[in-house]
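The structure appears right after this line, and notes come after that.
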Amino acid sequence: MDRSLIVSRIRADEERRARGEASDRPAALGGDHALNPSMRPHDKLIPASVLVPLVDRPGGMTVLLTQRTDHLNDHAGQVSFPGGREEPEDISHEATALRETEEEVGLTADHIEIVGRLDYYIVRSGYRVAPVVGIVQPPFELKADPFEVAEVFEAPLSFFLDTANHKLTTRMDNGVERSFYEMPYNGFYIWGATAGMLVNLSTVLNGS
């Protein structure tokens, strides 16, 4: 999928949501609780933002992802987008996503074209996440924060656009059956909120 089509579909989807048009697509599930009715969202949600970085490679768009270190308090060891909670100095979701991306992986804003946002995603840990889509222009250098990031990798966007790779699965969690998406890729286990946001991205870009 080329850059111009990605930009047009992301922006058209933003305009559609701004008009308040309802959607029954998976992207509108809204969070972990949507697949798990017994998992009620927290009463007071913490605002956060992530960057969904689409890297404009000559061989095709890729998605840049991180694997978090094992000692973190939230989502330790999981594959995620760069991002985090909003700080008082952040003037927008985009500002949070760009700041966190530079802090976590060293990717600076001058390499990133922000093209829009996806639906909010509510995580059971109490965050309301704004996924901000940005197209990243190589060449760039990365410098991962060793405290937060164990590894940075890229996966083909085409892998996530293929709905055959959207696997809905269940597991027992403290005696309760929990449902979530998973997308194993090349030894990396992508699941939960990150997989849910990638389903969101897929439905938008596939024109669903």
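The values are calculated or read from the model by the stated rules, or taken from the named source; none is laboratory data. As the structure is a computational prediction, the values presented were derived from the model and not from experiment. Virtual Cβ from ideal backbone geometry, glycine too; neighbours counted across all protein chains shown.
In a residue-by-residue description of the range 122-136, the property of being over 30 Å from ASP173 (Cα atoms), modelled with pLDDT of 95 or more and surrounded by fewer than 17 Cβ atoms within 10 Å (Cβ to Cβ) applies to no position.
Rundown of residues vs (1) over 14 Å from the mean Cα position of the chain (by Cα); (2) surrounded by 19 or more Cβ atoms within 10 Å (Cβ to Cβ), yes/no style:
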site: ASP43; (1), (2): yes, no
site: ALA48; (1), (2): no, yes
site: VAL52; (1), (2): no, yes
site: ARG57; (1), (2): yes, no
site: GLN67; (1), (2): no, no
site: GLU89; (1), (2): yes, no
site: ALA95; (1), (2): yes, no
site: ALA109; (1), (2): yes, no
site: GLU113; (1), (2): yes, no
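Identify all residues within the range 130-184 that are touching a helix residue (DSSP H, G or I) at 6+ places or on another chain (Cβ under 9 Å) and in a helix (DSSP H, G or I); write none if there are none. Correct list: LEU157, PHE159, PHE160, LEU161, THR163, ASN165. Looking at the range 120-129, which of its residues are out of contact with any Leu (no Cβ under 7 Å at 6 or more places or on another chain), assigned to a strand (DSSP E or B) and aromatic (Phe, Trp, Tyr)? Matches in the range 120-129: TYR121 only.
Contact annotation: residue pairs with Cβ atoms under 9 Å, 6 or more positions apart or on different chains, pairing a residue in the range 118-139 that is among the aromatic types (Phe, Trp, Tyr) with a partner that is part of a loop (DSSP other than H, G, I, E, B) and at pLDDT below 95, are TYR120/GLY30; TYR121/GLY30; TYR127/HIS42; TYR127/LEU45; TYR127/ASP74. Of all the residues in the range 75-86, those that are part of a loop (DSSP other than H, G, I, E, B) and surrounded by 14 or more Cβ atoms within 10 Å (Cβ to Cβ) number 5. Among the numbered conditions (1) of a type in the set (Val, Ile, Thr); (2) touching a residue at least 12 places away in the same chain (Cβ under 8 Å); (3) not in a helix (DSSP H, G or I), the only one that ILE91 does not meet is (2). Is the range 160-172 home to any residue that is of a type in the set (A, V, I, L, M), more than 15 Å from LEU51 (Cβ to Cβ) and within 16 Å of the chain's Cα centre (by Cα)? Within the range 160-172 (the criterion being of a type in the set (A, V, I, L, M), more than 15 Å from LEU51 (Cβ to Cβ) and within 16 Å of the chain's Cα centre (by Cα)), the answer is yes, since at least one residue qualifies.
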